[in-house]
Structures are given as structure tokens and as C-alpha cells.
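In what follows, a structure is listed as C-alpha cells, so that the remarks can point back to it.
The values are calculated or read from the model by the stated rules, or taken from the named source; none is laboratory data. On a predicted model such as this, the values are computed, not experimentally measured, just so you know. For neighbour counting, all protein chains shown are included, and Cβ atoms are generated from backbone atoms with ideal geometry for every residue, glycine included. Accessible surface is based on the protein model in full, side chains and every heavy atom, while ligands, DNA and RNA are left aside. Shrake-Rupley method; radii C 1.70, N 1.55, O 1.52, S 1.80 Å.
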Amino acid sequence: MAMLLREALGESLRRVRTQQGRTLREVSTGARVSLGYLSEVERGQKEASSELLAAICDALDVEIADLLLDVGNAMRPEETMRPAEPVAAEAADTALSATKVVIPAPSGHRETAALAAA
């Protein structure tokens with residue numbers, strides 16, 4: 001069975017909290033949520049609302065976008081994981097090598113344009 005979003009969110013939140021060496025009590029106080037509820041969120045037993053998720057991220061001093069990126073990576077099946085940077089760099093190189101920019105000469109400068117073309 002695929003991992004549920006609430007489970008992945010809980011794992012990421014717990015990982016951040018423990019890496020910071022913080023207790024459930026410290027984070028729950030900072031987020032203004034009960035210790036028991038935060039524990040259930042971390043264990044993936046409760047769905048956190050967007051407001052609660054924002055409050056927990058604020059208490060952990062972590063950007064919600066960074067947390068969601070971590071969750072997305074955790075939920076992606078391993079066989080579909082691939083590095084995004086090299087693919088984007090290859091596409092940019094291909095686009096740049098196939099692109100030509102033509103700048104027309106200003107009117108009245110036909111002789112200069114003819115010399116530049118030669």
C-alpha cells in the first residue's frame with residue numbers, strides 16, 4: 001500500500017524535531033497545540049490542517065515549502081526518482097545550442113549590414 005500523506009508529514013515533522021533536539025512539549029507549546037495531538041500528527045494518526053501545519057512549521061522554524069518538498073520526495077516511489085538538476089541542465093544546453101538570435105540592422109545602415117554579413 002502507498003504511504004499516506006499524513007504519515008509522510010508526520011515522519012518529516014518528527015525528523016525535523018528530533019534533529020533539532022527538541023521535545024514534543026517544546027514544539028507543542030510553540031505551535032499552541034496539545035502535546036497529545038502533535039504526537040498523533042507525528043505518528044500519522046491525525047491529519048493536520050494547513051493552519052496547524054503552518055503553526056508547527058513556525059514552532060520548528062522551518063519553511064512549510066521545504067517540509068512539503070521533503071514529504072513529496074519521501075512519497076515518490078524509488079524507481080521514479082531521478083535527479084532534476086542534470087536533466088534541466090541538459091535541456092538548457094540543448095536549447096541554447098539550437099537558438100540563434102538575429103538582430104536586424106537599423107534602417108539606413110545597409111552598407112554596414114552588408115559588410116557584417118560578408
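Among residues of region 38-52 that are without any contact (Cβ under 8 Å) to a residue 24 or more places away in the chain and at negative phi, those with a beta-carbon under 6 Å from a residue that is in a loop (DSSP other than H, G, I, E, B) and of a type in the set (D, E, K, R) at least six positions away or on a different chain give the pairs GLU40/LYS46.
Given the structure, is GLU51 of a type in the set (Asp, Glu), open to solvent by 100 Å² or more (accessible area, probe 1.4 Å) and modelled with pLDDT under 95? No. I'm told GLY44 meets every condition in (1) within 18 Å of GLN20 (Cβ to Cβ); (2) crowded, with 18+ Cβ neighbours inside 10 Å except one. Can you identify the failing condition by its number? Only one criterion is unmet by GLY44, namely (1).
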